[in-house]
């Protein structure tokens with residue numbers, strides 16, 4: 001973890017006001033996650049952010065869960081967001097990403113074994129992180145399989161998780177119990 005302790009501590013149930021309790025109840029079993037317990041300090045922001053965050057992770061997004069998770073894991077790695085990485089390793093595995101692929105996501109698009117499309121997702125994510133634009137060559141490669149909506153969803157997924165990674169790192173959100181961070 002980049003910070004050894006939280007700057008914004010996770011709020012326990014006993015300290016939630018009625019508005020915060022109402023929002024947390026909508027999260028169901030996910031309400032125990034440290035990210036949500038930190039963000040609930042700002043209920044208006046949290047509630048509005050959840051709308052977009054839920055879209056990115058939902059079936060309404062035009063990206064497959066596997067491809068979305070490749071991008072999310074790569075941006076989490078590039079942002080050195082250990083909480084993001086640890087959460088999405090679990091989600092990525094549920095979406096069909098193998099342990100070998102998770103190791104290769106950390107290595108990037110030039111690691112041996114990627115098919116051209118998955119490599120393009122990783123490359124696009126790195127380009128967005130570094131240059132804030134996807135290069136023409138990578139855009140063309142993605143366009144071989146993606147329509148305009150998928151291209152847009154990829155950019156917004158990477159942007160969403162870049163933002164989340166910045167927040168997690170800055171707020172010092174610590175790993176939830178049972179999660180493993182970056183391999184040391």
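The values are calculated or read from the model by the stated rules, or taken from the named source; none is laboratory data. Source: prediction; values computed, not measured. Quick reminder, even Gly has a Cβ in these numbers, built from the backbone with ideal geometry, and neighbours come from all protein chains shown.
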note = By residue number, the members of the range 122-147 that are touching a helix residue (DSSP H, G or I) at 6+ places or on another chain (Cβ under 6 Å) and either over 21 Å from residue 110 (Cβ atoms) or outside any helix (DSSP H, G or I) (or both) are 134, 135, 145
message = For the range 156-184, give me each residue that is under 16 Å from residue 71 (Cβ atoms) and buried (at least 17 other Cβ atoms within 10 Å of the Cβ).
response = 157, 158, 160, 161, 162, 164, 165
query = If we scan the range 96-117, do we find a residue that is surrounded by 20 or more Cβ atoms within 10 Å (Cβ to Cβ) and farther than 19 Å from residue 65 by Cα?
reply = no
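Would you point out which residue out of 92, 76, 96 is in contact (Cβ under 8 Å) with a residue 24 or more places away in the chain and in a loop (DSSP other than H, G, I, E, B)?
Testing whether each residue is in contact (Cβ under 8 Å) with a residue 24 or more places away in the chain and in a loop (DSSP other than H, G, I, E, B) leaves just 96.
Can you tell me which residues in the range 100-118 are assigned to a helix (DSSP H, G or I) and touching a helix residue (DSSP H, G or I) at 6+ places or on another chain (Cβ under 8 Å)?
Taking the range 100-118 as the starting set, the residues that turn out to be assigned to a helix (DSSP H, G or I) are 100-107, 116-118.
Those that are assigned to a helix (DSSP H, G or I) and touching a helix residue (DSSP H, G or I) at 6+ places or on another chain (Cβ under 8 Å): 101, 102, 105, 106, 116, 117, 118.
On the basis of being in a helix (DSSP H, G or I) and on the phi < 0 side of the Ramachandran plot, does residue 150 make the cut?
yes
In the set 73, 27, 39, 50, which member is in the same structural domain as residue 116 (by TED's automatic domain parsing), surrounded by 12 or more Cβ atoms within 10 Å (Cβ to Cβ) and within 20 Å of the chain's Cα centre (by Cα)? Show your work before the answer.
Details: 27 fails: in the same structural domain as residue 116 (by TED's automatic domain parsing); 39 fails: in the same structural domain as residue 116 (by TED's automatic domain parsing); 50 fails: in the same structural domain as residue 116 (by TED's automatic domain parsing).
Every option except 73 fails the conditions.
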